[in-house]
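For reference, the structure discussed in these notes is given below.
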Amino acid sequence: MAQEYWLADSEARVLGPIGLDVVTTLHARGKLADVRAVSTDGKRFTPLREVPELQQVLSAPVTLNDSQRAQLEATTQIRAWLRSIERQPTHEVLKVPSTASRDTWRAAFFALVHRYVPSRLPADTTPELRLACEDAFLVLAERMVEIEKQFKPSVPPPAPPPLPAQEPWPAARVQHRDNGLHVSLSLKRGDARPFTHDVEHNWQSDCLFVSSMERAVPNTPVEIVVNFEGHVTQLNAAGRVQAARVGGFTVKLLNVGEAQRAMIRTWVARATAK
């Protein structure tokens, strides 16, 4: 069986498992410019230089057309800009006085954020550039929310809209196998409920809730695969049933690495920031 790899970038995002032929193809398209660490089992990551067969592939020259090169450069610039403003005050980011009026804040915000609005991006935008723009849009929106809190409303707020119908829980496919349970779970963008539903056992303690009518006995071994909408990355982990709950059961993940924790933390943050 051909060797498969997991690739992690400087922001702890993980791609994998993929074979060497896929790595070669993605590199040729300029999509693997920021690989920092590699794993052959999805658990333990080592520096790229310690995996010579991958380093050789990723060191090969990349041939890009003008559009691909421009989008790669734009992605790199946005990522660098996001890192540069992490500790920068918002008024410096938007280039306004800290005592500016609400209208001035808003004008500066909209002038900057419009270039990152996902719906404005062309259809041929690369996934990497689209994700970078989404991150920039989210960061700026979160900053502006905090600024808006500084201003008291001048008129009574309108009545809140009716509550939308609650989204059904993401369906989990649970299979009983000789060595325990196999769980396959697909999450829609913005849905982090499996990681936050259980107050005592949630993502902060490497746990998640599986909504299922299947009977699960505590301490039963579990193999779990979680797919995230809009991402090529999967969460592959082993664990055990922590506790049976009404409508499902909680799983304690036993082999989650720092890269996977960062991925879960980012997914939860984006979901709760809506």
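Coordinate-derived values only; no laboratory data. All values derive from a computational prediction rather than experimental measurement. Backbone-built Cβ (ideal geometry, glycine too); neighbour counts: all protein chains shown.
The alpha-carbon of residue 152 sits under 17 angstrom from the alpha-carbons of these aspartates and glutamates, leaving out residues fewer than 8 places away in its chain: 103.
What does the C-alpha gyration tensor say about the overall shape of the range 4-58? Classify as rounded when a/c is under 1.5, otherwise prolate if a/b is larger than b/c, or oblate. It comes out rounded by the Cα gyration axes. Charge dipole (Cα centre; +1 on Lys/Arg Cβ, -1 on Asp/Glu Cβ; no other charges) of the chain amounts to roughly 600 debye. Projecting the Cα atoms of 192, 181, 260 onto the charge dipole of the range 172-272 (Cβ charges, centred on the Cα centre) puts 192 farthest toward the positive pole. Between the listed residues 96, 116, 170, the Cα displaced farthest toward the positive end of the dipole of the chain, a dipole computed from Cβ unit charges relative to the Cα centre, is found at 96.
For the range 66-148, the fraction of alpha-carbon pairs lying more than 21 Å apart is 32 percent, rounded to a whole number.
Taking 29 Å as the straight-line reach from the Cα of residue 252, the lysines in range (excluding those fewer than 8 positions away in the same chain) are 43, 188, 274. Taking a straight Cα-Cα cut-off under 16 Å and skipping sequence neighbours fewer than 8 places away in the same chain, no lysines fall within cross-link reach of residue 31.
Hey, if you put +1 on the Cβ of every Lys and Arg and -1 on every Asp and Glu Cβ in the chain, which of 221, 156, 273 ends up farthest toward the positive end of that dipole? Most positive-ward Cα: 156. Computed over neighbours whose Cβ is under 14 Å from that of residue 201, the net charge equals +1, Lys and Arg +1, Asp and Glu -1.
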